[in-house]
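Input: a single structure, listed below in structure tokens.
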Amino acid sequence: METKNFTSKAYFRSLRIIHFALIFGLLLFAAIVIFLYASGSLEKDDSITDVMLIVVGIMALFGFFGNRIIFKSKLKSAKNMSELSDKMNGYRSAFVTRLAIIEGPALFSIIGYQVTGSIYFLGFTGLLIAAFLANKPSIQKACEDLELNHEDSQKLNDPNAIIAEIKLIH
């Protein structure tokens, strides 16, 4: 099995790319659905609006609060690791999981708008995208979240320091 070393600069660039790609995907999907409604290509189905609002509301609450709970849980195991590389691999896993927990309800709310045409679903989508934006990855947040010591924090702040190692599967 081959491994690849990540410098601090490359590590956080990859997290920012993932973060941006997921937000861009949500915005693109929402824009396409809005365009399809504006062009008259989609028809509303009001019969399931109430049920969908309840389901999306529950999912949005889970997205808002569940992402924090699960992130902290996954982060707890990363904090207990002794090597910085292991901590950073755990952090990446927790971070991507956090984004996925927010993205699921956001996608479902866009689908709710697509099916029902109710603007409330776009409101849920906007709130979930705001939650996404609030979780933009940064060195400072990683240091705080992982409660790193001074030496490890210094490594993260050095763009050329190797902070993570990824095992590649071919």
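The values are calculated or read from the model by the stated rules, or taken from the named source; none is laboratory data. None of the values given here were measured: they were computed from a predicted structure. Reconstructed Cβ throughout: ideal geometry from the backbone, glycine too, with neighbour counts over all protein chains shown. Accessible surface areas use protein heavy atoms only, side chains included; no ligands, DNA or RNA. Shrake-Rupley method; radii C 1.70, N 1.55, O 1.52, S 1.80 Å.
Some values worked out for this structure:
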{"item": "Which listed residue, of L122, L148, L107, L156, is more than 17 Å from N67 (Cβ to Cβ), of a type in the set (A, V, I, L, M, F, W, C), in a helix (DSSP H, G or I) and open to solvent by 10 Å² or more (accessible area, probe 1.4 Å)", "result": "L122"}
{"item": "Answer residue from the stretch 15-34, given it is surrounded by 14 or more Cβ atoms within 10 Å (Cβ to Cβ) and either of a type in the set (V, I, T) or in contact with a Pro (Cβ under 9 Å, 6 or more places away or on another chain) (or both) and is nearest to K141 (Cα to Cα) among those", "result": "L15"}
{"item": "Residue within the stretch 127-138 that is open to solvent by 70 Å² or more (accessible area, probe 1.4 Å), assigned to a helix (DSSP H, G or I) and not basic (K, R) present", "result": "yes"}
{"item": "Residue, surrounded by the most Cβ atoms within 10 Å (Cβ to Cβ), within the stretch 36-52, restricted to residues that are hydrophobic (A, V, I, L, M, F, W, C) and touching a residue at least 40 places away in the same chain (Cβ under 8 Å)", "result": "M52"}
{"item": "Residues (in a helix (DSSP H, G or I) and either touching a Pro at 6+ places or on another chain (Cβ under 8 Å) or open to solvent by 40 Å² or more (accessible area, probe 1.4 Å) (or both)) located in the stretch 110-119", "result": "I111, Q114, V115"}
{"item": "Any pair with Cβ under 6 angstrom, 6 or more apart, that starts in the stretch 148-160 at a residue that is touching a residue at least 60 places away in the same chain (Cβ under 8 Å) and ends at one that is open to solvent by 70 Å² or more (accessible area, probe 1.4 Å)", "result": "P159/K9"}
{"item": "Single residue of I102, I69 found to be open to solvent by 40 Å² or more (accessible area, probe 1.4 Å) and part of a helix (DSSP H, G or I)", "result": "I69"}
